[in-house]
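Taking it in order: structure first as structure tokens, then the write-up.
The values are calculated or read from the model by the stated rules, or taken from the named source; none is laboratory data. Given the structure is predicted, the values throughout are model-derived calculations rather than measurements. Reconstructed Cβ throughout: ideal geometry from the backbone, glycine too, with neighbour counts over all protein chains shown. In case anyone asks, the SASA skips ligands and DNA or RNA and just uses the protein heavy atoms, side chains included. Shrake-Rupley method; radii C 1.70, N 1.55, O 1.52, S 1.80 Å.
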Amino acid sequence: MVVITRGEAMKMLREHNSEVAHIRHALAVEATMRHFAGLHGEDVDKWGLAGLVHDIDWETTNDDPSRHTHVGAGWLKEAGYPDDIVRAVLAHGWGICSDVEPVSAMEKHLFAVDELTGFVTAVALVRPGKSLQDLTVKSVKKKWKDKAFARGVDRDVIEKGTSILDTPLEDLIENVIEALKPVEREIGLGEGD
């Protein structure tokens with residue numbers, strides 16, 4: 001069995017992605033997946049890898065979103081990534097660009113948190129300190145209701161994710177905030193006034 005290290009995953013991610021925003025998103029989803037794996041007694045490193053590489057093909061496929069996840073899954077399979085990580089990458093695009101339904105806990109969490117990490121980050125960015133340290137669920141929920149805010153975030157996907165996890169949105173938001181706090185500098189936050 002081939003063991004993929006985080007360093008190898010990061011190198012591969014950077015080979016296919018040059019935009020800072022995409023690297024930061026990958027780091028945010030990685031931290032969030034590691035957090036949830038720890039909460040559920042799962043393999044923190046494996047879940048983290050799935051989060052880190054979930055959008056590895058984004059810069060290659062963003063002109064044809066129907067190819068998203070499929071190209072990346074092919075690269076990962078070819079590089080020797082475990083089948084469950086490859087499947088999680090496909091499943092995070094369920095109903096959008098993939099028909100692979102999230103079944104395992106890792107797949108369901110990746111599906112649920114991908115868009116939500118972006119939303120929570122967007123909320124933090126408009127705060128005076130651009131920080132997660134004092135960000136509350138209430139503040140995130142207030143922005144959630146503002147449909148003009150973070151229009152690129154698909155709230156329906158997040159709600160579908162909470163449904164498949166059978167978890168209230170507020171709990172998911174709270175855990176995403178907690179997961180991102182330790183990495184806020186790496187993802188471009190905490191650099192405000």
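Report whether or not ALA9 is within 19 Å of ALA122 (Cα to Cα), part of a helix (DSSP H, G or I), of a type in the set (Gly, Ala, Ser) and over 11 Å from the mean Cα position of the chain (by Cα). Walk me through it before giving the result.
Values: within 19 Å of ALA122 (Cα to Cα): no; part of a helix (DSSP H, G or I): yes; of a type in the set (Gly, Ala, Ser): yes; over 11 Å from the mean Cα position of the chain (by Cα): yes.
For ALA9, the condition - within 19 Å of ALA122 (Cα to Cα), part of a helix (DSSP H, G or I), of a type in the set (Gly, Ala, Ser) and over 11 Å from the mean Cα position of the chain (by Cα) - is not met.
Select from the range 73-98 the residues that are within 27 Å of PHE149 (Cα to Cα), among the small types (Gly, Ala, Ser) and either open to solvent by 20 Å² or more (accessible area, probe 1.4 Å) or outside any helix (DSSP H, G or I) (or both) and list them in ascending order.
GLY93, GLY95, SER98, listed by residue number.
Residues SER163, SER131: which one is of a type outside the set (A, V, I, L, M, F, W, C) and either at pLDDT 95 or above or touching a Ser or Thr at 6+ places or on another chain (Cβ under 8 Å) (or both)? Walk me through it before giving the result.
On the way: SER131 fails: either at pLDDT 95 or above or touching a Ser or Thr at 6+ places or on another chain (Cβ under 8 Å) (or both).
Going through SER163, SER131 in turn, the sole match is SER163.
For the subset of the range 12-33 comprising residues that are acidic (Asp, Glu) and outside any loop (DSSP other than H, G, I, E, B), which member is surrounded by the most Cβ atoms within 10 Å (Cβ to Cβ)? Steps first, answer last, please.
Taking the range 12-33 and keeping what is acidic (Asp, Glu), we get 15, 19, 30.
Going one step further and asking which of them are outside any loop (DSSP other than H, G, I, E, B), we end up with 15, 30.
Values: GLU15: 10, GLU30: 27.
It comes out as GLU30.
Residues in the range 58-72: is at least one within 17 Å of the chain's Cα centre (by Cα), hydrophobic (A, V, I, L, M, F, W, C) and open to solvent by less than 50 Å² (accessible area, probe 1.4 Å)?
No, because not a single residue in the range 58-72 is within 17 Å of the chain's Cα centre (by Cα), hydrophobic (A, V, I, L, M, F, W, C) and open to solvent by less than 50 Å² (accessible area, probe 1.4 Å).
All but one of (1) under 17 Å from the mean Cα position of the chain (by Cα); (2) at pLDDT below 95; (3) of a type in the set (A, V, I, L, M, F, W, C) hold for ALA148; state the number of the condition that does not hold.
With (1) under 17 Å from the mean Cα position of the chain (by Cα); (2) at pLDDT below 95; (3) of a type in the set (A, V, I, L, M, F, W, C) applied to ALA148, the lone miss is (1).
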